[in-house]
Structures are given as structure tokens and as C-alpha cells.
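Notes follow once the structure below has been shown.
Here, each number is a calculation from the coordinates, and none is a lab measurement. What you see is a predicted model, and the numbers here were worked out from it, not measured in a lab. As a convention, Cβ positions derive from the backbone with ideal geometry for all residues, glycine included, and neighbour counts pool all protein chains shown.
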Amino acid sequence: MDQNTERESLKEQMGRIIEEARMILPGIQALFGFQAIAVFNDRFEKLPVYAQDCHAAALALVVVAIALVMLPAAYHRLAEPGQVSMHAIKISSRAICYALAPLAAGLALDIAVVLYMVTGSDMGSAAGGLAAFLLLIGTWFVFPLHARRHRR
């Protein structure tokens, strides 16, 4: 740690993790809501079965992301009420980080489905979904890990 950084207490770390979860969760919940109602749209029935399956997989991945984002608050309340440990910090921090992977995959799958609906192109929609996935993984994992590696 250099002179430009400062250590947080365990309480501050847990507070920040819970705060991050609170910032992420409403967006994921809104996405889930839009995903859930999409199946009731007339155009959804006209999609090829594989596109409907992609949407169902995206919905499941977003549920996994929601579960992981909610884990820190649940763990704190149920496993360690009234206290904060380094173990809880590690579990909670990892849960928030791990939630981003299924969220990226779910978003990418649904982007591919939307692009198929707009273009009718299997290849174009797959390329768009893959590009979205790579962008999200790059900004959420590759860039931060690269920055951490070069700070040491």
C-alpha cells in the first residue's frame, strides 16, 4: 500500500460492499422485470426456439446474479449478526464480483436475441452478443485486474 491509499476498517469495508450491492440491485431487478414480461409479447412466439432458449438462459443467469448480489446482506444478517469479520468481507466481496459474470452473460444473450429480432441475422446477432459479452468482461474484469496487477 502506498501513501496515496488508506486502509478501511472491517465495518467500513462491509458498509461499502452493502452500498455497492444496493447500487447494482435495482438495475438488475429492472432488467429481470423486462426479461420476464418479454415472453408475453406476441413477437416472442415468432422467435426461433434457440432464441427463446437464449432468453430463458439469460433470465436464469440474471437470477443467479441477483442471488449473488443479495448474498452479502443475507450473510451479514444471518451468519454474523452484529459483527463483521474478514471472512464475511471476503465472501461478500467475491459474491459481488462473481455476480458480474452471469450478469454479463445474461445481458449478452438478450442483446443477441434483440439483435436477431431487429436484423433477422443469426451471425449478426451472435456477433453483437459476443461483442457485448467481451465489452462487459473487459470493463468489469480484465481492466480492473490489469490495473491491480500493475499497482503492485
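Structure values in brief
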| quantity | calculated |
| --- | --- |
| Residues of the range 69-121 satisfying the condition of being over 22 Å from T139 (Cα atoms), surrounded by fewer than 20 Cβ atoms within 10 Å (Cβ to Cβ) and among the aromatic types (F, W, Y) | Y75 |
| Tally of residues being farther than 29 Å from C54 by Cα, small (G, A, S) and assigned to a helix (DSSP H, G or I) across the range 64-91 | 3 |
| One residue from G27, G106, G33 being small (G, A, S) and over 11 Å from the mean Cα position of the chain (by Cα) | G33 |
| Checking A57 against (1) of a type in the set (A, V, I, L, M); (2) surrounded by 14 or more Cβ atoms within 10 Å (Cβ to Cβ); (3) farther than 24 Å from L130 by Cα; (4) out of contact with any Pro (no Cβ under 8 Å at 6 or more places or on another chain), the condition it does not meet | (3) |
| Number of positions in the range 111-128 that are outside any helix (DSSP H, G or I) and either in contact with a strand residue (DSSP E or B) (Cβ under 6 Å, 6 or more places away or on another chain) or touching a residue at least 40 places away in the same chain (Cβ under 8 Å) (or both) | 0 |
| Flag if I37 is without any contact (Cβ under 8 Å) to a residue 60 or more places away in the chain, among the β-branched types (V, I, T) and surrounded by fewer than 11 Cβ atoms within 10 Å (Cβ to Cβ) | yes |
